[in-house]
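Here's the structure we're looking at; comments come further down.
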Amino acid sequence: MSKTAVITGASAGLGRRFAQLLGEKGYDLVLVARNENRLKETATELEMDFGTSCEILVADLSTEEGCKSVEERVSDPTRPIEVLINNAGFGIRESFLKSEVSAEQQLLDVLVRTPMRLMHSTLPLMKERNSGIIINVSSVAGWIAGGTYSAAKSYLTVLSESLHTELQFTQVKVTALCPGFTHTEFHQRGKMKMGALPKFMWLQADHVVTIAWSDALAGKAISVPGWQYKILSFISRFAPRPLIRRIGMQVRVRQRHK
């Protein structure tokens, strides 16, 4: 029997790359995103390329209804899932002092509430059968002070580490993927200015996903693709916090500058 993987934010970026990787490895896929047309296009492409079975789940994860629909799918004991990729996310360009509180709430709902609830729903089933993999797409931004996006990613990384430790004597693996700047649609959708970033700081989505999957299989708590971000993650975790706060603010200001 084929194993099933659920991927949120599956119609673009890292989510789509994860779908391609897992489809190639023979997993049946549950593709979750808001845009039904893009989901259908992705599913058709995956079915043609890999012969995999694709289930489409149209859901806006910033809403209670959307979160609950995916929650019900991952907690269904009659259709167990082997892999959960919590990938859906977005960023806010504006300062917290100027942003709409509705946008801040949506960010928390997508980046914090939804992955927490999906893990809470499926981990007991994975533990019971002693098998499963969860990859939470976090960010190196979780180690700096860069607004609510950094705060949300910090939550996801720390929760992943905690669950990894709690499950270390089982065959259930939880990994926080912490990439840096990656070529996807993320920054364009957030209307963030990225032209000044040096080319060597950009990662390719294929590379990020391949490393993340390898690290998850190896049982690593945290996956940081790219030598440049391994260095930066070390500095950001162990350098004096006043310095890291200044760096985080500089990054945010440059992203907001028109």
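Does any residue in the stretch 115-141 that is farther than 13 Å from Leu167 by Cα come within less than 9 Å, Cβ to Cβ, of a residue that is of a type in the set (Asp, Glu) and assigned to a helix (DSSP H, G or I) six or more places away or on a different chain, and which pairs are these?
Within 9 Å, the pairs are Arg117/Glu71; Leu118/Glu71; His120/Glu71; Ser121/Glu71; Ser121/Glu72; Thr122/Glu71; Ile135/Asp215.
Can you find even one residue in the stretch 235-249 that is polar (S, T, N, Q) and either modelled with pLDDT of 95 or more or over 20 Å from Gly15 (Cα atoms) (or both)? Steps first, please.
Kept after step one, since they are polar (S, T, N, Q), are these residues of the stretch 235-249: 236.
Within this subset, residues satisfying the condition of being either modelled with pLDDT of 95 or more or over 20 Å from Gly15 (Cα atoms) (or both) are 236.
Yes, that holds for at least one residue.
Filter the stretch 1-59 for residues that are of a type in the set (Asp, Glu) and more than 14 Å from Ile85 (Cα to Cα) and give the result. Working first, answer last.
In the first step, residues of the stretch 1-59 are kept if they are of a type in the set (Asp, Glu); the result is 24, 28, 36, 41, 45, 47, 49, 55.
Those that are of a type in the set (Asp, Glu) and more than 14 Å from Ile85 (Cα to Cα): Glu24, Glu36, Glu41, Glu45, Glu47, Asp49, Glu55.
Of all the residues that make up the stretch 197-206, how many are surrounded by 15 or more Cβ atoms within 10 Å (Cβ to Cβ) and at pLDDT 80 or above? Spell out how you get there, then give the answer.
Pass one, the stretch 197-206, residues surrounded by 15 or more Cβ atoms within 10 Å (Cβ to Cβ): 197, 203, 205.
Applying the additional criterion that residues be at pLDDT 80 or above yields 203, 205.
Residues that pass the stated criteria total 2.
Please list, ordered by first then second residue, the pairs with beta carbon atoms under 9 Å, 6 or more apart or interchain, first in the stretch 5-28 and over 15 Å from Thr182 (Cβ atoms) and at pLDDT below 95, second hydrophobic (A, V, I, L, M, F, W, C) and outside any loop (DSSP other than H, G, I, E, B).
Correct list of pairs: Ser11/Ala19; Ser11/Leu31; Ser11/Val32; Ser11/Ala33; Ser11/Leu39.
Could you tell me whether the stretch 102-115 includes any residue that is of a type in the set (S, T, N, Q) and closer than 24 Å to Leu22 by Cβ? Even if it seems obvious, please write down each step before you answer.
From the stretch 102-115, those of a type in the set (S, T, N, Q) are 102, 105-106, 114; that's our starting set.
Among the residues that remain, those that are also closer than 24 Å to Leu22 by Cβ are: 114.
Yes.
Which residue pairs have Cβ atoms closer than 8 Å, lie 6 or more positions apart in sequence or on different chains, and pair a first residue in the stretch 68-79 that is within 17 Å of Arg129 (Cα to Cα) with a second residue that is surrounded by 13 or more Cβ atoms within 10 Å (Cβ to Cβ) and not aliphatic (A, V, I, L, M)?
Val74/Ser121; Val74/Thr122; Ser75/Ser121; Ser75/Thr122; Arg79/Thr4; Arg79/Arg73
Kindly check whether there is at least one residue in the stretch 65-87 that is on the phi > 0 side of the Ramachandran plot and either among the hydrophobic types (A, V, I, L, M, F, W, C) or under 15 Å from the mean Cα position of the chain (by Cα) (or both).
Step one: list which residues in the stretch 65-87 are on the phi > 0 side of the Ramachandran plot, which gives none.
There is no residue in the stretch 65-87 that is on the phi > 0 side of the Ramachandran plot and either among the hydrophobic types (A, V, I, L, M, F, W, C) or under 15 Å from the mean Cα position of the chain (by Cα) (or both).
Within the set of pairs 6+ apart or on separate chains, which have a first residue in the stretch 94-105 that is among the hydrophobic types (A, V, I, L, M, F, W, C), a second that is in a helix (DSSP H, G or I), and C-beta atoms under 8 Å apart?
Phe96/Glu104; Phe96/Gly147; Phe96/Thr148
Table: residues versus (1) at pLDDT below 95; (2) outside any loop (DSSP other than H, G, I, E, B); (3) surrounded by 15 or more Cβ atoms within 10 Å (Cβ to Cβ).
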position: Leu163; (1), (2), (3): no, yes, yes
position: Val174; (1), (2), (3): no, yes, yes
position: Gly180; (1), (2), (3): yes, no, yes
position: Lys191; (1), (2), (3): yes, no, no
position: Gly195; (1), (2), (3): yes, no, no
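What are the residues in the stretch 141-165 that are of a type outside the set (S, T, N, Q), farther than 17 Å from Arg117 by Cα and more than 13 Å from the chain's Cα centre (by Cα), if any?
Residues of the stretch 141-165 of a type outside the set (S, T, N, Q): 141-147, 149, 151-153, 155-156, 158-159, 161, 163-164.
Those still in the list that are farther than 17 Å from Arg117 by Cα too: 141-147, 149, 151.
Once the filter is applied, which keeps residues that are of a type outside the set (S, T, N, Q), farther than 17 Å from Arg117 by Cα and more than 13 Å from the chain's Cα centre (by Cα), the stretch 141-165 yields Trp143, Ile144, Ala145, Gly146, Gly147, Ala151.
Tell me which residues, restricted to the stretch 118-132, are surrounded by 15 or more Cβ atoms within 10 Å (Cβ to Cβ), outside any helix (DSSP H, G or I) and polar (S, T, N, Q). Before you say what the answer is, go through the steps one by one.
Taking the stretch 118-132 and keeping what is surrounded by 15 or more Cβ atoms within 10 Å (Cβ to Cβ), we get 118-119, 121-123, 125-127, 131-132.
Checking which are outside any helix (DSSP H, G or I) leaves us with 131-132.
Selection gives Ser131 alone.
Sort out which residues of the stretch 227-243 are under 16 Å from Ala212 (Cβ atoms), out of contact with any Cys (no Cβ under 7 Å at 6 or more places or on another chain) and touching a residue at least 12 places away in the same chain (Cβ under 8 Å), and write them in order of number. Let's see the steps before the verdict.
Of all residues in the stretch 227-243, those under 16 Å from Ala212 (Cβ atoms) come to 227, 229-230, 233.
Now narrow it down to the ones that are out of contact with any Cys (no Cβ under 7 Å at 6 or more places or on another chain): 227, 229-230.
Passing the criteria: only Tyr229.
Of all residues in the stretch 133-156, count the ones that are assigned to a helix (DSSP H, G or I) and over 25 Å from Pro80 (Cα atoms).
13
Okay, residues lined up against (1) of a type in the set (Gly, Ala, Ser); (2) touching a Ser or Thr at 6+ places or on another chain (Cβ under 7 Å):
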{"position": "Ser69", "(1), (2)": "yes, no"}
{"position": "Thr78", "(1), (2)": "no, no"}
{"position": "Gly91", "(1), (2)": "yes, no"}
{"position": "Gly146", "(1), (2)": "yes, no"}
{"position": "Lys153", "(1), (2)": "no, yes"}
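The values are calculated or read from the model by the stated rules, or taken from the named source; none is laboratory data. Computed from a predicted structure; not experimentally measured. Quick reminder, even Gly has a Cβ in these numbers, built from the backbone with ideal geometry, and neighbours come from all protein chains shown.
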